[in-house]
Amino acid sequence: MDTQILAEYLEYLELERGLSSNTIDAYRRDILMFLDYSQHPEFDNITRMGINSYIRFLREENYSPTSVIRKIASIRGFFKWLCANEMCKFDPTLTIERPKIPQRLPKVMTISEIEEILRENLSKTEKVIVELLYGCGLRVSELTNLKINNFDLSAKYLTAFGKGSKERIIPIGKMAIKAIKEYLPFRDFLLKKFRLDTKVLLINANGKNMTRQEVYIFIHELGKKIHKNISPHTLRHSYATHLLENGADLRVVQELLGHSDVATTQLYTHISKKRLKDVYFAINR
């Protein structure tokens, strides 16, 4: 395979589709894995039968249904681009059926659990992380990419850039505003101490931009204190669920989360119904 073609496709994803570097890396790995399996130097020699064989291979290797779907989507996108640019005569993925996966409800925290972790002895940086993940429903990548000029504390809103660099405006609650105001002088102190300069809001104890991995580790360790396995996305799920449970409109929550399809947001209504049933049967045993 001409590696230059793959490089051009990845450049297209970055420049024209506006995908993040993490998403582009995932596309690269998925496509290279498939092409390595198929062992065909020419794209026109890749058939539907060959792709079906690859899907069986993934299942035999115990890849999760979600991973299989993502890898198929990566291959579909690549061949669609190849055909559009006349680098391939036909698209072998057109009639490939997309595997169905059982719909699993995302894990959420109760309001009392949120309050419990906020009562922990959190640093100024850690308070901002929790308040923005839960109070604004940010994805972890949106959080770590947030710049100091992306929010207006007097107007009580911030601007987040989600998947595909899609921009959305999110209100900031009073507790998040308080946490940010207390954190900013500490941030300035760290930058001055290490003689560094950055527009990124969150920095670590060494004055460097905080990474997604650092946020994941912190949230995971925080979860241990309340005996619950949680991730940054758990706080985002909890944000959406609690909004809907308290009467927020589904379309409004969709906008706040940055979902392109309301069906994705609708999943949280099922969580709310399940929680109501759990509470009801716990009381009426």
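Per-structure values
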quantity	calculated
13 Å beta-carbon shell around Asn209, net charge (K/R +1, D/E -1)	+3
Cα-centred dipole magnitude for the range 11-73, charges only on beta-carbon of K, R (+1) and D, E (-1), debye, nearest 20	320
Amide H partners (placed H, <5 Å) of Tyr157, local residues excluded	Asp152, Ile172
Longest segment of the chain lacking GluC sites (Glu not before Pro) that sit in a DSSP loop with at most 13 other Cβ atoms within 10 Å	121-285
Other-chain or far-sequence residues with amide H under 5 Å of Lys147's (modelled H)	Leu201
Candidate lysines for bridging to Lys228, where Cα separation is under 25 Å - those fewer than 8 sequence places away on the same chain excluded	Lys107, Lys124, Lys127, Lys273, Lys274, Lys277
Inter-label distance for Arg56 and Thr3, nm, one decimal - labels placed 7 Å from Cα along Cα-to-Cβ	3.2
Sequence-separation-based contact order of the range 54-151, relative, with Cα cut under 8 Å and 6+ spacing, percent	17
Acute angle (nearest 10 degrees) that the helix 65-84 long axis makes with the longest principal axis of the chain, alpha-carbon atoms	60
Rel. contact order, % - alpha carbon contacts under 8 angstrom, at least six apart, the chain	17
Rounded percent of accessible protein surface that carbon and sulfur make up, the chain, 1.4 Å probe	51
Among Gly137, Gly247, Gly207, residue whose mean-square fluctuation peaks in a GNM of the chain (springs only between Cα atoms under 10 Å)	Gly247
Fraction in percent of alpha-carbon pairs per bin - 5 Å, the chain	1, 5, 10, 13, 14, 14, 12, 11, 9, 7, 4, 2, 0, 0
Net length gained if the chain between Ala73 and Thr269 were fully extended (0.36 nm per residue, minus Cα distance)	67.9 nm
Theoretical FRET efficiency, 1/(1+(r/R0)^6), r = Cβ-Cβ of Leu191 and Lys225, R0 30 Å, to 0.05	0.50
Ranking by accessible area, most exposed first, for Leu184, Leu10 with a 1.4 Å probe	Leu184, Leu10
Highest-fluctuation residue, Leu196, Leu153, Leu257 considered, GNM on the chain with Cα pairs under 10 Å	Leu196
Trypsin sites (Lys or Arg not before Pro) restricted to DSSP loop in the range 69-159 with at most 12 other C-beta within 10 Å	Lys89, Lys100, Arg104, Arg119
Cα-projected label distance for Asn209 with Ser165, points at 7 Å along beta-carbon direction, nm	1.4
q = 0.10, 0.22 Å⁻¹, the range 109-235: log10 I(q)/I(0) [Debye, one scatterer per Cα]	-0.29, -1.45
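The values are calculated or read from the model by the stated rules, or taken from the named source; none is laboratory data. If you're wondering where the values come from, they're calculated on a predicted model, not measured in any experiment. For neighbour counting, all protein chains shown are included, and Cβ atoms are generated from backbone atoms with ideal geometry for every residue, glycine included. What goes into the accessible areas is simple: the full protein's heavy atoms, side chains included, and nothing from ligands, DNA or RNA. Shrake-Rupley method; radii C 1.70, N 1.55, O 1.52, S 1.80 Å.
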